[in-house]
Protein chains: 2
Amino acid sequence: MNISEVAGRTGVPAKTIRYYEEIDLITPARDPNGYRSFSESDMHKLTFLGRARTLGFSIADCRKLLALWEDRSRASGDVRALAQEHLAEIERKIADLQAMRDTLQGLVTACHGDDRPDCPILADLARGPS
Amino acid sequence: MNISEVAGRTGVPAKTIRYYEEIDLITPARDPNGYRSFSESDMHKLTFLGRARTLGFSIADCRKLLALWEDRSRASGDVRALAQEHLAEIERKIADLQAMRDTLQGLVTACHGDDRPDCPILADLARGPS
DNA sequence: CCTTGACCTTCCAGTGACTGGAACGCCTAT
DNA sequence: ATAGGCGTTCCAGTCACTGGAAGGTCAAGG
């Protein structure tokens, strides 16, 4: 399989696939003409990577997950631990964003939003780190 | 004021302050010895920037906000519009993260997490983009 | 007066995870 | 033969810093 077919099938852009090869996440074979030739296994890995990335795993995490995936003797507990760590981080991000949202929401509500120059949003931004 | 005092007072790291000068967000004066000399106005701007950044505004947004802040004749509606746009983006990010969290949570719950190699998390990751 | 150590300066390189573009080769169909 | 649509590599840029090296400056203590 050539790169664009794999890109289409996995949803991972060709540029990104080349990048993944560069950082040794995958090592597709080469045809005599120099074109990358993707096996089913390469496709599976890319699918795996695409999914893990949309779930917000970092490339470093993906590398670990791929290794665990390829290791038939690994304990599912190892995978679970990684996922749980990641889950905690997501929870943290959500909380941060919600705090941001609440602050901004309050400011937007307080701002009359007309042609007058008086603006509580800028006033608050100037107030400094509380 | 020297850079480290400003860093301490605004909470913006010295490295970051130099970077902000490099990209023309601030233009502190210089002492004869070449040291940066920060005015009250510089400090206010940095405080403003620090706060806006923790609220998740991009540097580009910060530039706009600073300009609006400095423009005494600007309408508060302009600021409000910027904040509202940003709010919408935050909401989007929160929704994305919540979807991720739900998926991962389900997987972590489904995974027995013991020494057996059978793992629904990896199975799902392999399933591909749904 | 000299030294020490904490500051300050600039400049260069690296991060993460791509993304865009140039310049070129290859393959297929007309 | 040629057109276009693939493929390749390599270089540069993104964003917002961050780390580190090499060197100048300043205030205090001996």
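The values are calculated or read from the model by the stated rules, or taken from the named source; none is laboratory data. Values in this document were obtained by computation on a predicted structure and should not be read as measured data. Cβ coordinates were reconstructed from backbone atoms using ideal geometry, including for glycine residues, and neighbour counts include every protein chain displayed.
Do you know which of the residues in the stretch A:12-34 that are more than 14 Å from every other protein chain (Cβ to nearest Cβ) and in a helix (DSSP H, G or I) is farthest from DNA strand C (Cβ to nearest atom)?
Going through the qualifying residues, I end up with A:Glu21.
Of everything in the stretch B:1-11, what is without any contact (Cβ under 8 Å) to a residue 40 or more places away in the chain and more than 7 Å from DNA strand C (Cβ to nearest atom)? Give them in sequence order.
Matches in the stretch B:1-11: B:Ala7, B:Gly8, B:Arg9, B:Gly11.
Report, by residue number, each residue of the stretch A:35-45 that is within 15 Å of DNA strand C (Cβ to nearest atom) and at pLDDT below 95.
Of everything in the stretch A:35-45, just one residue is within 15 Å of DNA strand C (Cβ to nearest atom) and at pLDDT below 95, namely A:Lys45.
Looking at B:Leu97, B:Leu49, which is the one that is touching a Phe, Trp or Tyr at 6+ places or on another chain (Cβ under 8 Å) and not basic (Lys, Arg)?
Step by step, each of B:Leu97, B:Leu49 is checked, and only B:Leu49 is touching a Phe, Trp or Tyr at 6+ places or on another chain (Cβ under 8 Å) and not basic (Lys, Arg).
Tally up the residues in the stretch B:35-63 that are over 15 Å from the mean Cα position of the chain (by Cα) and of a type in the set (Lys, Arg), please.
2
I'd like to check something: does the stretch B:74-91 contain any residue that is among the basic types (Lys, Arg) and away from DNA strand D (no atom under 12 Å from the Cβ)?
yes
Per-residue answers, yes or no, for (1) modelled with pLDDT under 90; (2) among the acidic types (Asp, Glu):
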{"site": "A:Met1", "(1), (2)": "no, no"}
{"site": "A:Ala7", "(1), (2)": "no, no"}
{"site": "A:Tyr19", "(1), (2)": "no, no"}
{"site": "A:Glu22", "(1), (2)": "no, yes"}
{"site": "A:Phe48", "(1), (2)": "yes, no"}
{"site": "A:Arg51", "(1), (2)": "yes, no"}
{"site": "A:Phe57", "(1), (2)": "yes, no"}
{"site": "A:Ala60", "(1), (2)": "no, no"}
{"site": "A:Arg63", "(1), (2)": "no, no"}
